[in-house]
Each structure stands twice: as structure tokens, then as C-alpha cells.
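Below is one structure; the comments refer to it alone.
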Amino acid sequence: MSIDPSSIPNFGSQPEPDQPSGGPAAPSVVIPDQDLVTQLLDQMGLKHAVDDEGDLLAPWEEFRTYFMFRGEAQQHVFAVRTFYERAYSVDEKAQLLEALDEWNHLTLWPKVYTNTDDEGVVRLIGEAQMLIGMGVGLDHFVATTVSWVQASIEFNKWLGERLGLEGAADDDESGEPGESGEGSEG
């Protein structure tokens, strides 16, 4: 059995010479980089900086969100990783895992997990990734990145409410990215 090439939808590539070029314009395809993310953070009004490893980060009072590029060529990946500052004890880990299972089941991103250091301090990390080596639509990249940042903020609020943590509703009063951010402009 073979697939008729004409039955495969055209998802934005250039039309064949014998095909009409009418219809919607193809989306602008980019290979995102740190400069593009910096522009986006500026447009969002987020304070940001670059860390010692060269990764872009946007700090809030209770967490830091990193915008990282890893891999090469077709395996080039853009990752948004949020490190939540609140420390938990190993004794609290079962309750945390129950809450994280609920969050990860109900939401698409960020997927959140625990990290326990050598001293037994448990912290949470949320992350989402996008394969970008072949290029992505600019509008898709922007919308997804904004959504990931907003979801990272929402997770922090949700967990505080879910666990009944003191001050959880006051941690980010406005809910707007960058309002409570600390750090220098990139």
C-alpha cells in the first residue's frame, strides 16, 4: 500500500509549482534564540537577567523561571524550567507528590516534580520543552512561551491554596508576570 502524496496536507510549506498559491499565508517560521525570548520578556514587562551559565531567567519572589536552549541541529530544544524556592522536608514529600500528581493529571504544563538534595530538603521544579531545531511558527512559539510562564505562576498559587500554605494568596498579588519580579533588566 502506498500513500498518495497529494492526500498529505500542506502545513505551510511552499506550494508545488503547479498548485495555486491562493489561501492563507504561511506562518512565519523561526528558530528561536535567546534574543527572541529577551524581546518577548521585555514585551511582557518581565524583569530578567542572564545567569553565570548564560541562561536567561526571570525572577519572582518565590520562584525563578529559566529559558534554556539545549542540543544541536534537529535535536535543538527550548525549555522553560521553573525552580520554586519554598523548601519542604522529606516528611512532607508524600503530601507533595499527591498534590503534584493531581496538578500533572489536570494540566498540560508545567509538569512539576520534586528534587531532594543531600540534606533532605525537597524543592519543586516545573518544566516544559519544545523541539525547535526544524523551526517553529513565531506565533506558536510566542503563545506557548507566554502560556508556560502564566502556568508557572498559576501553579505557585494553586499549590499554596491546595496545601493551605500561609500567605499563598498574597505571594503574587497582581498575578501579572513581572509585577513582583526581582533582579536587573536583561
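Going by what's in this entry, would residue 145 be described as within 14 Å of the chain's Cα centre (by Cα), of a type in the set (S, T, N, Q), open to solvent by less than 70 Å² (accessible area, probe 1.4 Å) and under 16 Å from residue 36 (Cα atoms)? So residue 145 fits the description; yes. Out of segment 88-123, which residues are out of contact with any helix residue (DSSP H, G or I) (no Cβ under 7 Å at 6 or more places or on another chain), farther than 25 Å from residue 29 by Cβ and aliphatic (A, V, I, L, M)? Scanning segment 88-123 gives 90, 94, 96, 97, 100, 106, 121.
Taking segment 43-134 as the region of interest, the strands (runs of 3 or more DSSP E) fully inside it that hold 1 or more residues being among the β-branched types (Val, Ile, Thr) and surrounded by 18 or more Cβ atoms within 10 Å (Cβ to Cβ) are 63-70, 77-89, 111-116, 121-131. Quick check on residue 35: is it under 23 Å from residue 143 (Cβ atoms), of a type in the set (D, E, K, R), open to solvent by less than 40 Å² (accessible area, probe 1.4 Å) and modelled with pLDDT of 95 or more? Criteria not met by residue 35. A search for C-beta distances below 8 Å between a residue of segment 68-83 that is at positive phi and any residue that is among the aliphatic types (A, V, I, L, M) and surrounded by fewer than 19 Cβ atoms within 10 Å (Cβ to Cβ), counting only pairs 6+ apart in sequence or on different chains, returns 71/77. You will find that of 99, 94, the residue that is in contact (Cβ under 8 Å) with a residue 24 or more places away in the chain and over 16 Å from residue 37 (Cβ atoms) is 99 and no other. Against the list (1) modelled with pLDDT of 95 or more; (2) of a type in the set (Ser, Thr, Tyr); (3) assigned to a loop (DSSP other than H, G, I, E, B), the condition residue 184 fails is (1). Only residues that are of a type in the set (Asp, Glu) and free of Cβ contacts under 8 Å to residues at least 40 places away in the same chain were counted across segment 102-149, and they come to 3.
The values are calculated or read from the model by the stated rules, or taken from the named source; none is laboratory data. Everything quoted here is computed from the prediction, not taken from an experiment. Virtual Cβ from ideal backbone geometry, glycine too; neighbours counted across all protein chains shown. When the accessible area is computed, the model is the full protein with side chains, heavy atoms only, and any ligands, DNA or RNA have been set aside. Shrake-Rupley method; radii C 1.70, N 1.55, O 1.52, S 1.80 Å.
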